[in-house]
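For reference, the structure discussed in these notes is given below.
The values are calculated or read from the model by the stated rules, or taken from the named source; none is laboratory data. Please read all numbers here as calculations on a predicted model, not as lab measurements. Methodologically, a virtual Cβ is constructed for each residue, glycine included, from the backbone with ideal geometry; neighbour enumeration extends over all protein chains shown. Heads up: the accessible areas ignore ligands, DNA and RNA and are worked out on the full protein's heavy atoms, side chains in. Shrake-Rupley method; radii C 1.70, N 1.55, O 1.52, S 1.80 Å.
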Amino acid sequence: MTTGAQTPRSPARPPRSRLRTFLPLGIAAWLVLEIWLLTVVAGASSGFVVFLLLVAGIVLGSVVIKSAGRRAFRNLTETLQQQQAGVMPEAARPNSEGNGLMMLGGLLLILPGLISDALGLLMLLPPVQKAVSRYAERTVERKLREAGPGTLGDAFRQARMRQPGGKVVQGEVVRDDPGGAPQDPRPPLTR
């Protein structure tokens, strides 16, 4: 039964980004290429050689992830100990930015396939890590600059206020309500 009222229409959907359009196709093509390459290698040598390559990738990837995780935890522990001792921690450690990329390389080694193993081994090389790190930093900076008002990127951009010396200024916004008594922003603690 109709009441004569028009049904509300949803607002126009924004167009899909190129990444959302082509990512599923890229993943499907990558999987087909990995399977084809594994069958070619198995045909040229044997299935046992392919099995050994896959197991070696899993073992090597696990070792890489474990060592990068230990290094990251050790750096975090040292930084916390320096802060508790009142010593300003070092601004940047040479290995701290590479730990995440080493873990990514280890994850690529763990994934079954020869192409992912080759990419994982590339990610373990320091020049490749530096290039990927610089590219990712530039991309994030560009996305933050392009962020419109009211978006999550805008919030990050506003939160990154810096002093001329390059240090982050941490602060708190205090608003005075005109005509009202000052109110405590937090309720009192009660038991």
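Miscellaneous remarks
- Residues (part of a helix (DSSP H, G or I), of a type outside the set (Phe, Trp, Tyr), surrounded by fewer than 15 Cβ atoms within 10 Å (Cβ to Cβ) and at pLDDT 90 or above) located in segment 42-53: Gly43, Ala44, Val49, Leu52
- Selected residue [open to solvent by less than 70 Å² (accessible area, probe 1.4 Å), closer than 25 Å to Leu125 by Cα, part of a helix (DSSP H, G or I) and modelled with pLDDT under 90] from Ala56, Ala72: Ala72
- Exclusive hit being modelled with pLDDT under 90 and either under 29 Å from the mean Cα position of the chain (by Cα) or surrounded by 10 or more Cβ atoms within 10 Å (Cβ to Cβ) (or both), set Gln6, Gln81: Gln81
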